[in-house]
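Take a look at the structure set out below.
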Amino acid sequence: MNILIYEIYDASVIAAGLAVGLASIRPGVGQGSAGQAVEGIVRQPEAEGKIQGILLLSLAFMEALYGLSESLRDDY
């Protein structure tokens, strides 16, 4: 019986690691595409404030969602 508990715990740790790893892929892609915002600023310097504000807000949301997924894990 005790071995079964350890196997379940091990499986849950592996599943949590996979879930966090897979959940971090999309924000990583989104943050990697921040170069497009820089290109937009280069093309239209007069829109710098608006583009920069949207960029910072979207990066903050991506980090907040990743932080939320980390805080919801129950592995202690």
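Each value in this text was obtained by applying a stated rule to the coordinates, not by laboratory testing. Just so we're clear, the structure is a prediction, and the values are computed from it rather than from any experiment. For neighbour counting, all protein chains shown are included, and Cβ atoms are generated from backbone atoms with ideal geometry for every residue, glycine included.
Odds and ends about this structure:
- SER12 touching a residue at least 40 places away in the same chain (Cβ under 8 Å) and over 19 Å from the mean Cα position of the chain (by Cα): yes
- Residue count for the range 1-49, restricted to those that are within 25 Å of LEU65 (Cα to Cα), in a helix (DSSP H, G or I) and of a type in the set (Ser, Thr, Tyr): 1.
- Taken together, ILE3, ILE25 contain a single residue that is loosely packed, with under 10 Cβ neighbours inside 10 Å, within 17 Å of the chain's Cα centre (by Cα) and without any contact (Cβ under 8 Å) to a residue 40 or more places away in the chain, which is ILE25.
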